[in-house]
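First the structure, in the form of structure tokens, and then the observations on it.
The values are calculated or read from the model by the stated rules, or taken from the named source; none is laboratory data. Since the model is a prediction, treat every value here as computed from it, not as a measurement. Using ideal geometry, Cβ is built from the backbone for each residue, glycine included, and neighbour counts are taken over all protein chains shown. For the accessible areas, the whole protein counts, side chains as well, though only heavy atoms, and no ligand, DNA or RNA atoms are used. Shrake-Rupley method; radii C 1.70, N 1.55, O 1.52, S 1.80 Å.
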Amino acid sequence: MIKVNDFYETMLEAFENNKMFVFPIKGSSMQPLFHTGCKVMLMKIDHIKKNDIIFYKRADGSFVLHRVVKILKNHKLRMIGDHQLSYEIIDEASAFAKVYGYYKNDKLHKLKGISYRLYCFSLKFRILRRIYAKWM
């Protein structure tokens, strides 16, 4: 699997030119929505709202794709992976892309519509998040 550092600069250049960037993800933090090898389409961030899935860089240099659960004061964001139980607070400035959609069976699925909103709503219930974390 390609490491994010290998194409980070290319990705930022694409965003500067108002282009989107597609790449395969690695990890389980966003299951059941995304799995390792799933391709996501990223776009430049114009604004951030609750339930956006943001790609950001942590202070330790690692890259993370998690969901915004709350926008806090002082340009901070409360983030969590769909398959996780603990939150992380990040600076909005560390976010550099957001997910526009993902590919499943070579078809682009945009992160909008009633089924996506229902999925996001289901994540509010800790019991469902625990079930996802345990069984997925």
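Points worth noting:
- Positive-end residue, the chain charge dipole about Cα centroid, Cβ charges, pick of VAL40, LEU85, ILE53: LEU85
- In terms of distances greater than 18 angstrom between alpha carbons, the cross-link table entries LYS19/LYS98; LYS39/LYS107; LYS49/LYS110; LYS19/LYS57; LYS57/LYS104; LYS50/LYS76 yield LYS19/LYS57; LYS57/LYS104.
- About its Cα centre, the dipole of the chain is roughly 800 debye, where the only charges are +1 on Lys and Arg Cβ and -1 on Asp and Glu Cβ.
- Positive dipole terminus of segment 1-123, leading residue within PHE21, ALA97, CYS120 (C-beta point charges): CYS120
- Area accessible to solvent at ARG58, 1.4 Å probe radius, in Å²: 90 Å²
- Among LEU77, LEU33, LEU65, residue whose mean-square fluctuation peaks in a GNM of the chain (springs only between Cα atoms under 10 Å): LEU33
- Rounded if a/c under 1.5, otherwise prolate or oblate - segment 84-123, Cα gyration tensor axes: oblate
- Candidate aspartates and glutamates - alpha carbon under 19 Å from LYS112, same-chain residues fewer than 8 apart omitted: ASP46, ASP52, ASP82
- Simple Cβ-charge dipole of segment 6-72, Lys/Arg +1 and Asp/Glu -1, about Cα centre, in debye nearest 20: 380 debye
- Accessible area in the full protein assembly, largest first, 1.4 Å probe, for MET20, MET43, MET11: MET20, MET43, MET11
- All Cα pairs of the chain, percent lying beyond 27 Å: 14 percent
- Per-residue Karplus couplings for segment 83-90, computed as 6.51 cos²θ - 1.76 cosθ + 1.60 with θ equal to phi - 60°, are listed in order as 9, 10, 10, 10, 8, 9, 9, 10 Hz, Gly and Pro entered as x.
- For ALA59, neighbours were defined as the other residues whose beta-carbon sits under 13 Å from its Cβ, and their charges (Lys and Arg +1, Asp and Glu -1) total -1.
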